[in-house]
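Student: The structure follows.
The values are calculated or read from the model by the stated rules, or taken from the named source; none is laboratory data. It should be emphasised that the depicted structure is a prediction, and the values quoted were computed from it without experimental measurement. Cβ placement follows ideal geometry from the backbone for every residue including glycine, while neighbour counts extend to all protein chains displayed. SASA here: full protein model, heavy atoms, side chains in, ligands and nucleic acids out. Shrake-Rupley method; radii C 1.70, N 1.55, O 1.52, S 1.80 Å.
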Amino acid sequence: MLFLYPSSPAGSSSETMDTSVSQSLRPAGAPKVVEDEIDQYLIKQDGKIYRNRDQQLCRHGPLGKCVHCVPLEPFDEDYLNHLEPPVKHMSFHAYIRKLTGGADKGKFVALENISCKIKSGCEGHPPWPEGICTKCQPSAITLNRQKYRHVDNIMFENHTIADRFLDFWRKTGNQHLGYLYGRYTEHKDIPLGIRAEVAAIYEPPQIGTQNSLEILEDPKAEVVDEIAAKLGLRKVGWIFTDLVSEDTRKGTVRYSRNKDTYYLSAEECITAGNFQNQQPNICRLSPDGHFGSKFVTVVATGGPDNQVHFEGYQVSNQCMALVRDECLLPCRDAPELGYAKESSSEQYVPDVFYKDIDKFGNEITQLARPLPVEYLIIDITTTFPKDPVYTFSISQNPFPIENRDVLGETQDFHSLATYLSQNTSSVFLDIISDFHLLLFLVTNEVMPLRDSISLLLEAVRTKNEELAQTWKKSEQWATIEQLCSTVGVQLPGLQEYGAMGGSPHAVSAAMWACQHCTFMNQPGTEHCEMCSLPRT
């Protein structure tokens, strides 16, 4: 029997490892990149699965170790399969440990991105379609189940985030889409796992019907990402609904996505692959500086109990490559099937295969025309915490969500004035800590605060009431309050603003909006320049 003596007490799974080895794993020629904070943290972790001494099988002293209690590696498949529920995919960092755990310590490890395009620069023959050779021809692709996943869990901070998103479907019956903003943290239920925590949902311009969604161009996308970054957040995924009401009296929905139909359609897989290609995962072991993606997909759909369930997915790196190089198409009449394009005079497409079991139980290789999309999908557990977390404050009368004009919910200074008048909390930070409100303050056309809101965003990020009060005394907020007062809603405490250290001149010198036509007039005028009606 083998006995080992650990250099540290058992049970300390958060021990750090020597990073001098891990930092030298970058392959020759790979660009120097700065990985995400969560990746830098997990690289330094020991990651081993420590086990207690087995009272029946272990025959050694308290300081000894044997095969029954020696720490396991984070990629141990037997351990992952015996978790409850079983884990089909090891974490990405556990996969890296497996690659770099041999005698060479990963000296020759390089995570190559799949390419489906002809290599450029081959001068031995005419360009495609006149010629091609083995040097420039991309290799055929055999689809396999990906053994790892870049994100191991998706967690919404609280139920309110999801409920407000679902309100659109409840009120219209149309499907809806949003982008998930949050952060990546350690998922301790899986060795070296990563969790995507969702703090807010941004809803871009879109056209939704009962059975389709069309994403429109969003001129504010760059600004939203900038504001989220200053709040300590980033775009971690996207969410869409696929809900059909079954019984309105019981509040049940149809259970339509299951093993007999599909979990993600081919079109949804292509969209997810496109999003993942736009948000690559920075990786030091890849010659390209990136490998895979942490961008997740969440579907709000009916579950086996006919209630709304949130299902999380990613598509594999092979699917990302097929989508990036425009080799994968959806089938018109079968949403569960994709189709690998055939080569044409404009594009060479490598052969794509998948393995299947025939009626005699033999493993056979099939050409991916058509292709069952379950070969491309990785499922991710989606959860809500027992103890809710609130990055942003929750109000009984929340500020309207952007791009919901079809519901009559508009973001303007009247809705802002109504929100401020209904939320009379003495803590200004609680009032202003609303993701959609902060976006409105930055993106509104009347008085955008993009260049002067950094202090407030820092206050919200750090939950610092003193910083929030400092920003409240600025001329920008005084002008915002004056604009709100012109729409006929008197804000509490506006008369005392000058006594709090603000600028009375900024209040009196602000532009005013006409109550009849909403035209913004210059200060000092008593009649609207557009409709000539009196100011009051």
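Student: Which FRET efficiency value, to the nearest 0.05, is calculated for Thr172 and Gln396 with the Förster distance at 22 angstrom and r the Cβ-Cβ distance?
Tutor: E(calc), rounded to 0.05, equals 0.45.
Student: Any chance you could get the radius of gyration and Dmax over the Cα atoms of the range 55-198, in Å?
Tutor: 23.8, 73
Student: Something else now. Assuming R0 = 41 Å, what is the FRET efficiency of Asn274 and Asn464, from their Cβ-Cβ distance, to the nearest 0.05?
Tutor: That pair, Asn274 with Asn464, gives E of 0.60.
Student: To continue, here is another question. Residue by residue through the range 284-301, which ³J(HN,Hα) values in whole Hz follow from phi under the Karplus form 6.51 cos²θ - 1.76 cosθ + 1.60 (θ = phi - 60°), with glycine and proline marked x?
Tutor: Per-residue couplings from phi come out as 6, 8, 9, x, 8, x, 8, 7, x, 7, 9, 6, 10, 10, 10, 10, 8, 9 Hz.
Student: Students often forget the sequence filter, so: which aspartates and glutamates lie under 14 Å Cα-Cα from Lys65 once same-chain residues fewer than 8 apart are removed?
Tutor: Asp54
Student: May I ask you to compute the full-extension gain from Ser421 to Glu112, defined as 0.36 nm times their residue separation minus their alpha-carbon distance, rounded to one decimal in nm?
Tutor: Working it through step by step, the gained length comes to 105.6 nm.
Student: Sticking with this structure for a sec: Sorted from largest down, what three extents in whole angstroms do the Cα atoms of the chain have along their principal axes?
Tutor: 88, 68, 59
Student: Loop-only chymotrypsin sites (Phe, Trp or Tyr not before Pro) in the range 201-274, please: DSSP not H, G, I, E or B, and at most 15 other Cβ atoms within 10 Å.
Tutor: Loop-located and lightly packed - none at all.
Student: With a Cα-only, solvent-free Debye model of the range 173-212, what are the log10 I(q)/I(0) values at q = 0.29 Å⁻¹?
Tutor: Values returned for q = 0.29 Å⁻¹ are -0.93.
Student: In Å², and per residue, what accessible area does the range 246-392 have when probed at 1.4 Å with the other protein chains present?
Tutor: Computed with neighbouring chains in place, this is 50 Å² per residue.
Student: Near Cys136, within a Cβ-to-Cβ distance under 11 Å, what is the net charge of the other residues, with Lys and Arg +1 and Asp and Glu -1?
Tutor: +2
Student: Do any GluC sites (Glu not before Pro) in the range 386-458 lie in a loop, going by DSSP, with at most 12 other beta-carbon atoms within 10 Å of their beta carbon, and if so which?
Tutor: Glu445
Student: Still on this model: What do the square roots of 5 times the Cα gyration tensor eigenvalues come to for the range 347-405, in whole Å, largest first, as semi-axes of the equivalent ellipsoid?
Tutor: Taking √(5λ) for each eigenvalue gives 48, 20, 10 Å, largest first.
Student: Quick one: which residues, 5 or more positions from Ala110 or on another chain, have an amide H under 5 Å from its amide H? H modelled 1.01 Å from N in the peptide plane, none for Pro or chain starts.
Tutor: none
Student: Let me ask you something else. Rounded, prolate or oblate: pick one for the range 219-344, where a ≥ b ≥ c are the square roots of the eigenvalues of its C-alpha gyration tensor, a/c under 1.5 means rounded, and failing that, prolate if a/b is larger than b/c, else oblate.
Tutor: Oblate, because a/c is 1.5 or more while a/b does not exceed b/c.
Student: Follow-up question, since we're still on this one. Using alpha carbons only, what's the Rg to Rh ratio of the range 396-457 with Rh from Kirkwood?
Tutor: Result for the range 396-457 is an Rg/Rh of 0.95.
Student: Which whole-number percent gives the relative contact order of the range 176-281, counting Cα pairs below 8 Å spaced six or more residues apart?
Tutor: 25 percent
Student: Still on this structure: Might you report the magnitude of the Cβ-based charge dipole of the chain about its Cα centre, with Lys and Arg at +1 and Asp and Glu at -1, to the nearest 20 debye?
Tutor: 1500 debye
Student: Keeping every protein chain in place, order Arg249, Arg149 by accessible area at 1.4 Å, biggest value first, i.e. largest first.
Tutor: Arg249, Arg149
Student: Measure nothing but the geometry: give the 0 to 90° angle between the long axis through the Cα atoms of 413-422 and the longest principal axis through the Cα atoms of the chain, rounded to 10°.
Tutor: The angle comes out at about 90 degrees.
Student: Ordered by residue, what ³J(HN,Hα) values in Hz, to whole numbers, does the range 250-257 give under the Karplus form 6.51 cos²θ - 1.76 cosθ + 1.60, where θ = phi - 60° and Gly and Pro are x?
Tutor: Per residue, the Karplus-derived 3J(HN,Hα) values read 8, x, 9, 10, 6, 8, 10, 9 Hz.
Student: Still on this structure, I have one more. Suppose we take every Cα in the range 26-93 and form the convex hull; what volume per residue is that in Å³?
Tutor: Cα convex hull per residue, to the nearest whole number: 150 Å³.
Student: With the Cα gyration tensor of the range 140-260 in hand, give its eigenvalues times 5 under a square root as the equivalent ellipsoid semi-axes, listed largest first in whole angstrom.
Tutor: Equivalent ellipsoid of the range 140-260: 26, 22, 17 Å, largest first.
Student: Further question on the same structure: Let me make sure I get this right: for the range 284-361, a, b and c are the square roots of the gyration tensor eigenvalues over alpha carbons, sorted descending. Under 1.5 in a/c it's rounded, otherwise prolate if a/b > b/c, else oblate. Which is it?
Tutor: Verdict is oblate for the range 284-361.
Student: Give a quick list of GluC sites (Glu not before Pro) in the range 44-149 that DSSP marks as loop, anything other than H, G, I, E or B, with at most 15 other Cβ atoms within 10 Å.
Tutor: The qualifying sites are Glu112, Glu123, Glu130.
Student: So which lysines pass the test for Lys88, namely a Cα distance under 19 Å, with those fewer than 8 places away in the same chain ruled out?
Tutor: Partners found: Lys48, Lys98, Lys147, Lys188, Lys259, Lys294, Lys355.
Student: What are the extents of the Cα atoms of the range 347-468 along their three principal axes, in Å, largest first?
Tutor: Largest to smallest, the principal-axis extents are 73, 41, 29 Å.
Student: Let me ask something else. Among Thr134, His150, Phe165, which residue has its Cα furthest toward the positive end of the charge dipole of the range 41-185, with +1 on Lys/Arg Cβ and -1 on Asp/Glu Cβ?
Tutor: In the range 41-185, that residue is His150.
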